[in-house]
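Enquirer: I'd like to ask some things about the structure below.
The values are calculated or read from the model by the stated rules, or taken from the named source; none is laboratory data. Keep in mind the model is a prediction, meaning the values are calculated, not measured. Cβ atoms come from the backbone with ideal geometry, glycine included; neighbour counts cover every protein chain shown. We work out accessible area using only protein heavy atoms, side chains counted, and drop any ligands, DNA or RNA first. Shrake-Rupley method; radii C 1.70, N 1.55, O 1.52, S 1.80 Å.
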Amino acid sequence: MLSRSIIQHFDFSIYEGDRKVLEPGELSKLNSSVPKIRFIHDDDAFFKSPEELCIFKSDYQYKKVLFLIRDPRDVVVSSFFHKKYRFNFLPKDKSKLAFASYEGELSKFISEPIGSLKTLIAYYNIWANNRHVPIDFMLLRYEDIYYNTISSLRSTLNFMGLKTISDEIVEEAVNYASFENMRKMEENNLFKSSKLKPTNPSDNNTYKTRKGKVGGFRENLNEESILYVNEQVKEYLSSFYSFYYY
């Protein structure tokens, strides 16, 4: 949505079907009025234990940070499907087996020491403690994007200094990036990119656009596992994210 808004506003029409839609950082090279945007999975928490995470965020001291989060219980389920079905390789370096496809079941994965729920909660807590380090910090929830898509995109654009983008462009970007349209783009491999391409087109679990739900963890976890993830969130997640205590 962000890239689509920028492309439409600055009339980069030649890039509408290009991978730059998936890489907003490239767009600043086309026009100096486009802010420099870097999309990252900070600290590679996906592959670390809680103890391995960096607890200081001084690298962001002179930057603006938009911190995109999602209910940890939904994230851990999504991470499981990503590791199990979208990792289709083994690392050459056997010391990096965390990069290999996950062979276990979801009920086991949620309590894994590396890249699972405990790591995610620790990572969220670290950012809660460091949110005053950047020159500006914005918290954006997946759930807000899901339920209030237009206002969430508008808030994001405003935060990035793109306040003059019209309501019409914002609405068009929301429609363009709907789950249904993204699914079609992934099925057709529109961008020729592994970022939006299933590893097995006949298996829904291998799609990046797998479900796109809020609270979907309840459909994938059994009662015992739901009790476990609920207890972990309630007991260990920072009060900064108290909206997830339910």
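Enquirer: So, of the residues in the stretch 168-186 that are touching a residue at least 12 places away in the same chain (Cβ under 8 Å) and open to solvent by 30 Å² or more (accessible area, probe 1.4 Å), which turns out to be farthest from THR209 (Cα to Cα)?
Expert: ILE169
Enquirer: Now for a different question. Counting just the residues of the stretch 149-167 that are part of a helix (DSSP H, G or I), in contact (Cβ under 8 Å) with a residue 24 or more places away in the chain and out of contact with any Leu (no Cβ under 9 Å at 6 or more places or on another chain), which one comes out nearest to ASP71 (Cα to Cα)?
Expert: The qualifying residue nearest to ASP71 (Cα to Cα) is THR149.
Enquirer: Considering each residue of the stretch 192-201, count those that are open to solvent by 40 Å² or more (accessible area, probe 1.4 Å), in a loop (DSSP other than H, G, I, E, B) and either free of Cβ contacts under 8 Å to residues at least 60 places away in the same chain or on the phi < 0 side of the Ramachandran plot (or both), and give that number.
Expert: 4
Enquirer: Continuing with the same structure: Out of the residues in the stretch 100-120 that are outside any loop (DSSP other than H, G, I, E, B) and open to solvent by 60 Å² or more (accessible area, probe 1.4 Å), state the one that is farthest from PHE56 (Cα to Cα). Walk me through it before giving the result.
Expert: Of the stretch 100-120, the ones outside any loop (DSSP other than H, G, I, E, B) are 106-109, 117-120.
Within this subset, residues satisfying the condition of being open to solvent by 60 Å² or more (accessible area, probe 1.4 Å) are 107-108, 118.
On the way: SER107: 32, LYS108: 30, LYS118: 18 Å.
Among them, the one singled out is SER107.
Enquirer: Also, quick follow-up: Check ILE150, ILE145, ILE135 and return the single one that is at pLDDT 90 or above and over 30 Å from ILE55 (Cα atoms).
Expert: Selected residue: ILE150, the only one of ILE150, ILE145, ILE135 that is at pLDDT 90 or above and over 30 Å from ILE55 (Cα atoms).
Residue-by-condition table, conditions (1) basic (Lys, Arg); (2) in contact with a strand residue (DSSP E or B) (Cβ under 8 Å, 6 or more places away or on another chain):
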{"position": "MET160", "(1), (2)": "no, yes"}
{"position": "SER166", "(1), (2)": "no, no"}
{"position": "ALA177", "(1), (2)": "no, no"}
{"position": "MET185", "(1), (2)": "no, no"}
{"position": "SER193", "(1), (2)": "no, no"}
{"position": "ARG210", "(1), (2)": "yes, no"}
{"position": "GLY215", "(1), (2)": "no, no"}
{"position": "ARG218", "(1), (2)": "yes, no"}
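Enquirer: Right, something else. Among the residues of the stretch 217-237, are any part of a loop (DSSP other than H, G, I, E, B), surrounded by fewer than 18 Cβ atoms within 10 Å (Cβ to Cβ) and within 19 Å of the chain's Cα centre (by Cα)?
Expert: no
Enquirer: Ok, one more. Restricting to the stretch 149-167, count the residues that are β-branched (Val, Ile, Thr) and either within 21 Å of ASP11 (Cβ to Cβ) or open to solvent by less than 30 Å² (accessible area, probe 1.4 Å) (or both).
Expert: Count: 3.
Enquirer: May I ask you to list pairs of residues, at least six apart or on different chains, whose Cβ atoms are under 8 Å apart, with the first in the stretch 216-244 being under 20 Å from LYS108 (Cβ atoms) and in contact (Cβ under 8 Å) with a residue 24 or more places away in the chain and the second being of a type in the set (Ser, Thr, Tyr) and open to solvent by less than 50 Å² (accessible area, probe 1.4 Å)?
Expert: VAL233/TYR244
Enquirer: Among the candidates ASN204, ASN189, single out the residue that is modelled with pLDDT under 95, more than 16 Å from the chain's Cα centre (by Cα) and either closer than 30 Å to ALA128 by Cα or open to solvent by 50 Å² or more (accessible area, probe 1.4 Å) (or both).
Expert: None of the other options fit; the residue is ASN204.
Enquirer: Okay, next question. Residues to consider are TYR123, TYR146; find the one that is closer than 27 Å to VAL229 by Cα, open to solvent by 50 Å² or more (accessible area, probe 1.4 Å) and assigned to a helix (DSSP H, G or I).
Expert: Only one candidate qualifies: TYR146.
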